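Trainee: Take this structure first; my questions come after.
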Amino acid sequence: MKATVVEALPGKVAGVIFDMDDTLFDSEKAWHEAAAALWREAGGVFRGHDDRGGTVEDVANDYLDEFGFEGAREDRMAEVCARIEASIRERLRTDLEPMPGADALTSRLARVMPIAIGSNSPQAIVEQCVHAVGWQDRFKAALGVNEGMNPKPAPDLYVEAARRLGVDPRDCVIFEDSPTGARAAVAAGAFVVTIGEAARGIGSAAVDTLEHDLITSWAPEKLT
């Protein structure tokens, strides 16, 4: 269900949580390039997915469905996931930039309230990206998908990120760029700001980029 899109963000919030890939960092392309390379090695052509914001396991499942496998699927899954993650990390080591407006926004917010990351990327990739740009001190929590945790569109990541901040997710603002992630944020009960066209209309507010006036003029107070 599409939410009513408002023209102002909350004036008081307990915390702010961000998706990572293509919300904070221009990193989704590394995923696409890694998958494309894997498909080429198998003699195929990677045509992408219907929705951004998935997991390494989603890509691996698509790969095994298309090309088949020998032996136990679980063992083959672990191998393909490891290859995809290593390929993504290799690309991010040489090509990683913050999305427009992300540096200014996270720096400004971190001075007045706790902020966190909730990403469908593996934990190691989240940590790599945050440390690569020197933002580790800004985030009280930086979460990727860990074993036993349901990925987005389940709300688990955002509920856990809010718990790490010591706040209720219903008192948080969450920034997302994908329909999968936006649905997770809505399910967590947060005020959801979507970025770009893919998830427009799912959250409470929509902007083209983090440099939009609605974001750059936002000066929230910490809810106590």
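Trainee: Restricting to segment 200-215, what's the tally of residues that are part of a loop (DSSP other than H, G, I, E, B) and either without any contact (Cβ under 8 Å) to a residue 60 or more places away in the chain or not acidic (Asp, Glu) (or both)?
Mentor: 9
Trainee: Assuming GLU197 fulfils every condition listed in (1) at pLDDT below 95; (2) open to solvent by 60 Å² or more (accessible area, probe 1.4 Å); (3) within 19 Å of VAL56 (Cα to Cα) apart from one, which condition is it?
Mentor: Going through the list (1) at pLDDT below 95; (2) open to solvent by 60 Å² or more (accessible area, probe 1.4 Å); (3) within 19 Å of VAL56 (Cα to Cα), GLU197 breaks only (3).
Trainee: Starting from segment 135-162, take each residue that is among the β-branched types (Val, Ile, Thr) and list its partners that are surrounded by 18 or more Cβ atoms within 10 Å (Cβ to Cβ) and assigned to a loop (DSSP other than H, G, I, E, B), counting only C-beta distances under 9 angstrom and pairs at least six apart or across chains.
Mentor: Between residues of segment 135-162 that are among the β-branched types (Val, Ile, Thr) and residues that are surrounded by 18 or more Cβ atoms within 10 Å (Cβ to Cβ) and assigned to a loop (DSSP other than H, G, I, E, B), the close pairs are VAL145/THR55; VAL145/PRO151; VAL145/LYS152; VAL159/ALA188.
Trainee: Another one. Could you tell me whether segment 144-154 includes any residue that is modelled with pLDDT of 95 or more and β-branched (Val, Ile, Thr)?
Mentor: Checked segment 144-154: no residue is modelled with pLDDT of 95 or more and β-branched (Val, Ile, Thr).
Trainee: If the requirement is being at pLDDT 95 or above, in a helix (DSSP H, G or I) and open to solvent by 80 Å² or more (accessible area, probe 1.4 Å), which of these qualifies: GLU66, GLU79, GLU90, GLU74?
Mentor: So the residue among GLU66, GLU79, GLU90, GLU74 that is at pLDDT 95 or above, in a helix (DSSP H, G or I) and open to solvent by 80 Å² or more (accessible area, probe 1.4 Å) is GLU90.
One line per residue, one yes/no per condition, for (1) in a loop (DSSP other than H, G, I, E, B); (2) surrounded by 22 or more Cβ atoms within 10 Å (Cβ to Cβ); (3) over 12 Å from the mean Cα position of the chain (by Cα):
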| residue | (1), (2), (3) |
| --- | --- |
| ILE125 | no, yes, no |
| VAL130 | no, no, yes |
| GLY134 | yes, no, yes |
| ASP137 | yes, no, yes |
| GLU147 | yes, no, yes |
| ASN150 | yes, no, yes |
| PRO153 | yes, no, no |
| GLU160 | no, no, yes |
| ARG164 | no, no, yes |
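The values are calculated or read from the model by the stated rules, or taken from the named source; none is laboratory data. Keep in mind the model is a prediction, meaning the values are calculated, not measured. We place every Cβ from the backbone using ideal geometry, glycine too, and count neighbours over all the protein chains shown. Areas reflect the complete protein model, heavy atoms only, side chains present, ligands, DNA and RNA absent. Shrake-Rupley method; radii C 1.70, N 1.55, O 1.52, S 1.80 Å.
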